[in-house]
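Before any comments, here is the structure.
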Amino acid sequence: MSLPAGIRAIAGALLLAVAVSQLWNVLGLSRSPPTMVSHFVFNPGKCALRASPDIAPQSLSVEGRNIQLWVQSADASETMFKAQGTALRRALDCGTSPWCEGKGADDTYGTDQLPLVQRKRRGEAVELRGCEITADDFSPVSFKVLQPASRRLDALAAIALIVNLIALAMVLRPARK
Amino acid sequence: MLYLRAALGLIIVYFAGAVLLLAVGPDLGAYSDIVLTCNVSGPDVAGCSERALSIAVGLLVAIVAVALMAEVLHRQDLRIVDSGAWFDRAAGKPGPQVLILSFLAMLTVVLMLHNLMRGGNALPAAVRIAPGESPFVSLENLCWPLLLQLFAWTRQPLWKAVFAAFLAAVAALSPFRAVLFAMLFFGAVAPLVAWAWSQRAVSKAKWRALAALLCMVALSAIAMGYETLVRERMYAGDASVQPAALAEGLVSRALTPFFQADLAAVVVARHAEAVPDFIDTMASKFRRDGVTNLNQRLYALLYQGGSEGQTTSMLYGEAVANSAYWPFWWAFSAPLLLLVIFFALRGTVAMPMLFAIALWRSAMGGLFDILPALILQVGFCLLLVASERASPAMRRQVPS
């Protein structure tokens with residue numbers, strides 16, 4: 001039993017689409033930027049890491065006390081590491097009290113801290129004295145920059161492409177009468 | 001029964017080989033993955049090896065018992081099974097055609113996106129699965145056993161070629177050697193062994209079948225050897241890694257699961273409350289946010305980093321994480337459960353390839369690790385059967 005022409009055409013189109021993408025993979029010569037792996041530690045018993053627009057969830061790995069960030073960037077540097085630390089610190093929720101949220105009576109804050117309290121009450125991300133995240137709660141450890149692996153001809157990908165082209169030729173060959 | 005026997009035989013040979021290697025094999029202190037695992041499970045490689053050996057012996061006894069039960073079940077089941085001719089009838093009807101092409105179209109999208117991502121993104125050698133790739137790898141892992149089942153069912157060279165092309169595309173992208181191995185073993189070597197066995201009485205055909213089998217075994221060995229060597233070189237970041245490392249890599253891969261099964265028991269003994277149970281495992285397979293399964297948790301414990309992966313803590317690891325009962329009981333009853341489901345469904349449609357692969361994969365990663373995928377794969381096959389029965393026959397069929 002031979003396949004109808006319509007089925008052959010659809011199967012051929014699918015095989016062709018896969019073949020083009022395989023070709024892109026086998027010949028892909030674009031150079032990726034290095035990967036920066038940054039390591040931080042935090043206190044998971046006290047703090048929780050909230051979602052943050054500054055941190056892509058797929059680049060984040062949290063296991064026990066360790067936070068690792070994997071970012072592909074040509075700008076991997078100490079400055080970037082510090083910026084990541086700041087973003088993570090902002091994303092950490094280490095528990096808080098109504099007082100730390102600016103909900104205490106004004107006379108409990110002291111005059112020098114009242115401007116900060118006013119900003120806090122307006123919704124700004126301000127840390128009041130005594131409410132800071134300490135080094136026990138969160139601290140940066142180190143970062144390393146991994147260079148991309150040199151591209152190699154993947155024999156299996158090449159064989160898969162050949163198998164695909166053979167199947168494509170069989171599908172596109174006119175059906176025998 | 002060919003594929004089920006092949007799967008059970010493979011597991012028995014693998015467990016028996018592991019017992020032999022662990023009992024009288026090389027010094028395991030040279031294998032980094034094993035040393036790494038023993039560093040966590042303690043106290044040292046020698047103590048760790050003894051426990052791994054006892055696990056291997058227990059698992060071997062359990063799977064031999066399962067194989068005997070499979071033969072008994074097979075002899076009890078006197079139904080005549082349509083081993084696949086129905087598929088070519090189905091593929092000639094519009095309903096099943098739509099289903100098969102929809103499945104292939106979905107897979108095409110996955111493969112295209114994965115290839116495009118891989119082609120433009122050379123990652124550091126230390127990264128085995130890039131975080132963005134894992135959904136594609138999971139979807140491909142869901143699809144390839146089904147493709148292999150379709151490949152085994154069809155007798156039309158054209159469909160075989162199409163399924164083989166998709167299988168090859170998945171194997172080329174998969175970060176797991178086990179995928180290539182399973183495709184070669186179940187898709188080529190096992191059927192050739194059966195064919196060679198059936199031809200043993202025919203003098204000329206006997207030698208032809210034997211030659212074909214030997215060629216396939218040699219090609220499979222070369223493919224697996226090449227894959228292992230490339231991986232050793234890539235992960236070591238050293239292109240001068242010699243083929244001698246190949247045997248070391250294969251032995252390490254073969255024995256590490258027994259040590260990871262032991263690690264699961266140690267972790268459960270230390271922090272039973274923090275170990276994911278089978279519900280977590282099922283939920284993580286459906287990609288519920290923030291849920292990790294047992295094998296992912298163990299992997300993260302061993303290989304800290306942004307790379308994603310899973311250990312293979314076997315049915316033993318799964319048993320200790322989910323129950324206080326004797327773990328080898330689960331190593332016997334889980335594969336038996338798969339066999340019972342296979343025989344129960346055989347009256348509707350025989351899916352030996354799916355269940356053979358499920359037996360093999362669950363022996364490595366646990367039953368709950370593969371159950372969600374198996375449910376979806378079996379569901380698709382049942383849908384195919386239902387649509388075949390509901391579809392009218394094509395008005396005009398072109399003879400081949």
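Values computed for the structure shown
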{"quantity": "Those residues of the range B:162-200 which are among the small types (Gly, Ala, Ser), assigned to a helix (DSSP H, G or I) and closer than 19 Å to B:VAL109 by Cα, in sequence order", "calculated": "B:ALA164, B:ALA165, B:ALA168, B:ALA169, B:ALA171, B:ALA172"}
{"quantity": "Condition check for B:SER400: modelled with pLDDT of 90 or more and more than 12 Å from B:GLN149 (Cβ to Cβ)", "calculated": "no"}
{"quantity": "Cross-chain or 6+ apart pairs with Cβ under 6 Å, the range A:107-124 first and loosely packed, with under 14 Cβ neighbours inside 10 Å, then among the small types (Gly, Ala, Ser) and not in a helix (DSSP H, G or I)", "calculated": "A:ARG121/A:GLY102"}
{"quantity": "Strands (runs of 3 or more DSSP E) (entirely within the range A:1-94) containing at least 2 residues that are facing chain B (nearest Cβ under 10 Å) and at pLDDT 75 or above", "calculated": "A:35-42, A:66-72"}
{"quantity": "Positions within the range B:143-192 being in contact with a Lys or Arg (Cβ under 7 Å, 6 or more places away or on another chain) and crowded, with 19+ Cβ neighbours inside 10 Å, in sequence order", "calculated": "B:PHE151, B:THR154, B:LEU173"}
{"quantity": "Single match in B:GLY187, B:GLY132 (criterion: farther than 20 Å from A:TRP24 by Cα, without any contact (Cβ under 8 Å) to a residue 40 or more places away in the chain and small (Gly, Ala, Ser))", "calculated": "B:GLY187"}
{"quantity": "Members of the range B:116-147 found to be at pLDDT 85 or above and under 19 Å from A:ALA157 (Cβ atoms), listed by number", "calculated": "B:PHE136, B:VAL137, B:LEU139, B:GLU140, B:ASN141, B:CYS143, B:TRP144, B:LEU147"}
{"quantity": "Residue list for the range B:147-180, restricted to those being more than 23 Å from B:GLN97 (Cβ to Cβ), facing chain A (nearest Cβ under 9 Å) and in contact (Cβ under 8 Å) with a residue 60 or more places away in the chain", "calculated": "B:LEU173"}
{"quantity": "Single unsatisfied condition, A:ALA175 versus (1) within 9 Å of chain B (Cβ to nearest Cβ); (2) at pLDDT below 80; (3) out of contact with any Leu (no Cβ under 8 Å at 6 or more places or on another chain)", "calculated": "(3)"}
{"quantity": "Residue list for the range B:296-354, restricted to those being part of a helix (DSSP H, G or I), out of contact with any Pro (no Cβ under 7 Å at 6 or more places or on another chain) and either within 14 Å of chain A (Cβ to nearest Cβ) or under 25 Å from A:SER38 (Cβ atoms) (or both)", "calculated": "B:GLN296, B:LEU298, B:TYR299, B:ALA300, B:LEU301, B:LEU302"}
{"quantity": "Any hit, the range A:159-169, residues being more than 8 Å from chain B (Cβ to nearest Cβ), under 30 Å from B:MET224 (Cα atoms) and among the β-branched types (Val, Ile, Thr)", "calculated": "yes"}
{"quantity": "Qualifying residue in the range B:262-280 (condition: part of a helix (DSSP H, G or I), within 18 Å of the chain's Cα centre (by Cα) and at pLDDT 75 or above)", "calculated": "no"}
{"quantity": "Hey, B:PHE355 aromatic (Phe, Trp, Tyr), over 25 Å from B:ALA188 (Cα atoms) and surrounded by 19 or more Cβ atoms within 10 Å (Cβ to Cβ) or not", "calculated": "no"}
{"quantity": "Selection count, the range A:98-149, where residues are assigned to a strand (DSSP E or B) and over 30 Å from the mean Cα position of the chain (by Cα)", "calculated": "0"}
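The values are calculated or read from the model by the stated rules, or taken from the named source; none is laboratory data. These numbers were taken from a predicted model, which means no experiment stands behind them. Virtual Cβ from ideal backbone geometry, glycine too; neighbours counted across all protein chains shown.
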